[in-house]
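*Asks:* One structure is given below, represented as structure tokens, and several questions about it will come after.
Read-outs throughout are calculated quantities, based only on the coordinates presented, and are distinct from any laboratory measurement. Everything numeric here is computed off the predicted structure, so don't read it as measured data. A quick note on method: Cβ atoms are made from the backbone with ideal geometry, for glycine too, and the neighbour counts reach across all protein chains shown.
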Amino acid sequence: MIGLICGQVVHLSAPSACVLTSSGVGYDIELPLPSFCQLQLEHDARIWTHHHVREDAQLLYGFMSRSERDVFRQLIKINGVGAKMALAMLSAMSAAELKAQVEQGSEAALTRIPGIGKKTAQRLLIELKDKLKNIEVAGNAGMPEYTEHAISSDSSINAEVEGALISLGYKEKEAQQAIKAARGQSDDFDDTQSLLKATLRQLSSF
């Protein structure tokens, strides 16, 4: 079981990253969008991973904290919640926010996540309450900051952000509207991470 990967980020394509370890092996890792936004190209990263084995593939899901990975593992134990939905949940809100919403019994907050209807939200609130209460999660609910930018064209940045959101279950029109709203507030987006950060904030307010 691969539980932790340390190495240099050699490729970023939302919501996935390739991390090259000191042994010369590169691992493709899919992350929740807030975790993806913390990575910087050609910088070292320390990523907690969940190794998911299927009949047709072996996949790695990555998280910037062990507690976030623990929450992910509890999510995928619930009937009807696969890795894609769990990533969508941890992209729409932080582990701390998710735990707080579950504790408050906020059905409305969960139904804003793509792929989660009223019945699924009700089941999640019941099943997650005991599963999450013993997991200590960081209280920072905001999107992470970063310093380095990889310059790209607006169209390619838009396309990558839209593709990342669609891969997590957001509808194409919904993703496009959020991107448009984010750019309407500011056009100072030099990389995918900065636009993703602003777009996720727009989606949380819809």
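*Asks:* Defining a contact as two alpha carbons under 8 Å apart and six or more residues distant in sequence, what relative contact order in percent does the stretch 150-206 show?
*Replies:* 43 percent
*Asks:* Could you tell me which of rounded, prolate or oblate describes the chain, using a ≥ b ≥ c as the square roots of the eigenvalues of the alpha-carbon gyration tensor, with rounded for a/c under 1.5 and, failing that, prolate when a/b is larger than b/c and oblate otherwise?
*Replies:* Details: a/c = 1.71, a/b = 1.12, b/c = 1.52.
In terms of gyration-tensor shape, oblate.
*Asks:* May I ask which of Lys131/Lys197; Lys99/Lys173; Lys99/Lys133 have a Cα-Cα span longer than 18 Å here?
*Replies:* Listed pairs above 18 Å: Lys131/Lys197; Lys99/Lys173.
*Asks:* Also: Kindly put Thr49, Thr120, Thr192 in sequence by how many other C-beta atoms sit within 10 Å of each C-beta, fewest to most.
*Replies:* Thr120, Thr49, Thr192
*Asks:* Could you work out [θ]222 nm for the chain from helices alone, using -39500 (n - 2.57) per DSSP H run of at least four and dividing by all its residues? Round to the nearest 500 deg cm²/dmol.
*Replies:* -14000 deg cm²/dmol, from helical runs alone.
*Asks:* Give, rounded to the nearest 20 debye, the magnitude of the charge dipole that the chain has about its Cα centre when Lys and Arg contribute +1 at Cβ and Asp and Glu contribute -1 at Cβ.
*Replies:* 1020 debye
*Asks:* Which of the lysines could a cross-linker bridge to Lys84, judged by Cα under 17 Å and excluding same-chain residues fewer than eight apart?
*Replies:* Cross-link targets: Lys171.
*Asks:* Also, quick follow-up: Is the C-alpha gyration tensor of the stretch 154-205 telling us rounded, prolate or oblate? Criteria: a/c under 1.5 is rounded; beyond that, a/b larger than b/c is prolate, otherwise oblate.
*Replies:* oblate
*Asks:* Also, I was wondering about something else. Quick check: from the Cα gyration tensor, does the stretch 4-63 come out rounded (a/c under 1.5), prolate or oblate?
*Replies:* Oblate is the answer for the stretch 4-63, as a/c is 1.5 or above yet b/c matches or exceeds a/b.
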